[in-house]
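What follows is calculated from the coordinates using simple rules that are stated; it is not laboratory data. Please read these numbers as outputs of a predicted model, since none were measured by experiment. Here the Cβ positions follow ideal geometry from the backbone for every residue, glycine too, while neighbour counts run over all protein chains shown.
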């Protein structure tokens, strides 16, 4: 991943990619095992899963039980876009008041 600058200032796209990808991977490390554990507990409980208040039996019940696990990538992607967008918006607004300089340490 590259952080691009123009005239010593960070471009918004580079900051967005950094924050969004960091959130996606960091939260994924925590959320994916948690959703997998909840899915395994729901499958092992012996109680049929419900969909709209109705119990779902058979192979459809397995699909309903693992549905939250299948939604993890979509949930994380939406949250990463929202968090990355808000962080870049905040940095852009801050940069309008005081310049954010990129310096080599």
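For residue 52 and residue 81, FRET efficiency with R0 = 41 Å and r from the beta-carbon atoms, rounded to 0.05?
Working from the Cβ atoms, E equals 0.90.
If you take percent of Cα pairs over 16 Å apart from the coordinates, which of (i) 65; (ii) 58; (iii) 68 do you get?
(iii)
Rounded to the nearest 0.05, what FRET efficiency is calculated for residue 103 and residue 11 with R0 set to 25 Å and r the Cβ-Cβ distance?
0.95
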